[in-house]
Amino acid sequence: MVSASNTSSIYQRPAELLQRLIQFDTTNPPGNETECIAYIDTLLKKAGLETTRLAKDPNRPNLITRLKGRGSAPPLLLYGHVDVVTTTDQEWTHPPFEGKLVDDFIWGRGALDMKSGIAMMLSAVMRAKTDNLIPAGDIVLAILCDEEAGGEYGAKYLVENHSDQFSGIQYALGEFGSFTNHIGPKRFYPIQIAEKQICWIKATVRGPSGHGALHMRGGAMSKLADSSKGVKSALDSFSKWKLTFHNLNEMYCVSIRGKMKQLRVKSRLDLTPFFSYVVVNVPFRKICRLFEEVRIGLKT
Ligand SMILES: [Zn+2]
């Protein structure tokens, strides 16, 4: 375990704080966030803040602290998670749980997602407390467990059992938004208004039918093999919305269905991919129209 001694001014050294947080192996599953949360709890208490631990399972605690404001604005929520995804079967240039500083970069699992965010939030709140800052509204800091595996013990548990902790909050700073996002030639700092959504599209690929034992070019199957390229080029062509393919987080092809008789090559294949993406500042109806045009574009 990382020692919590000599931590009186750690908020002034957020990079060091990040290194320490990385040194807790909070790989989820199983999570094992207890020691990391205990360390953060110690820091906050030393800074003079009161903390509340809330847990569905004592080994999976969440931690909340509140910096009192003047009450002239709604409370602002800062929130983040301390669990990280697995490193199993991965090759790392530097050990994932050492938090090494190499050429001004800190290496480690969670350096980006999202112990760096936690380090920044902790530093800000501890600094504010130490400087006797009284903000317009309360600042609520929620340090969560179990984000990477569904939130059953983290956000979900808090929302369902301790929603009173968040009453009056209208805005939150969390993991997404606020970092640079390039959409076409423009730079954006998006505001997230919802979680990932799914948009289904269905594409039909047609080609000549034939005999399965005979060589044939230009059939539906070969066109389908190129379909992901087709989707990409169709998306790239929508310059009027300045959207590029990387704005779509993921694309999955979930089913391929064809009409096939014995020894007959399929003449028609239905491809059903779906896209998921983080809703940022692109209106939902525009996204849906985009996919509709992709669908039409793929009908060959
Ligand atoms: Zn995350």
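The values are calculated or read from the model by the stated rules, or taken from the named source; none is laboratory data. Note that this is a predicted model, so its numbers are computed, not measured. All Cβ positions, glycine included, derive from the backbone under ideal geometry; neighbour counts span all protein chains shown.
Couple of notes before you dig in:
- Selection of first residues in segment 103-116 that are on the phi < 0 side of the Ramachandran plot and of second residues that are of a type in the set (Val, Ile, Thr) and more than 16 Å from the ligand (Cβ to nearest atom), restricted to Cβ pairs under 8 Å at least 6 apart or on distinct chains, gives the following pairs, ordered by first then second residue: Trp107/Thr93; Ser116/Ile106.
- Number of residues in segment 100-133 that are among the aromatic types (Phe, Trp, Tyr) and surrounded by 17 or more Cβ atoms within 10 Å (Cβ to Cβ): the value is 1.
Here's the yes/no breakdown for (1) within 14 Å of the ligand (Cβ to nearest atom); (2) over 18 Å from Leu54 (Cα atoms); (3) at pLDDT 95 or above:
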site	(1), (2), (3)
Lys129	no, yes, yes
Ile134	no, yes, yes
Phe166	no, no, yes
Phe176	yes, yes, no
Ile183	no, yes, no
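Table: residues versus (1) at pLDDT below 95; (2) at negative phi.
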{"site": "Ser8", "(1), (2)": "yes, yes"}
{"site": "Glu35", "(1), (2)": "no, yes"}
{"site": "Leu44", "(1), (2)": "no, yes"}
{"site": "Gly48", "(1), (2)": "no, no"}
{"site": "Arg60", "(1), (2)": "no, yes"}
{"site": "Pro74", "(1), (2)": "no, yes"}
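- Residue check: Leu63 meets all listed conditions (1) within 16 Å of the ligand (Cβ to nearest atom); (2) assigned to a strand (DSSP E or B); (3) hydrophobic (A, V, I, L, M, F, W, C) but one, namely (1).
- Annotation note: of Ala149, Ala142, the sole residue that is closer than 20 Å to Phe176 by Cα and either outside the structural domain of Gln19 (by TED's automatic domain parsing) or out of contact with any strand residue (DSSP E or B) (no Cβ under 9 Å at 6 or more places or on another chain) (or both) is Ala149.
- Any hit, segment 35-49, residues being assigned to a loop (DSSP other than H, G, I, E, B) and among the acidic types (Asp, Glu): no
- Leu144 vs. criteria within 14 Å of the ligand (Cβ to nearest atom) and modelled with pLDDT under 95: no
- Test for Ala73: is it more than 16 Å from the ligand (Cβ to nearest atom), in a loop (DSSP other than H, G, I, E, B), surrounded by fewer than 17 Cβ atoms within 10 Å (Cβ to Cβ) and among the hydrophobic types (A, V, I, L, M, F, W, C): yes
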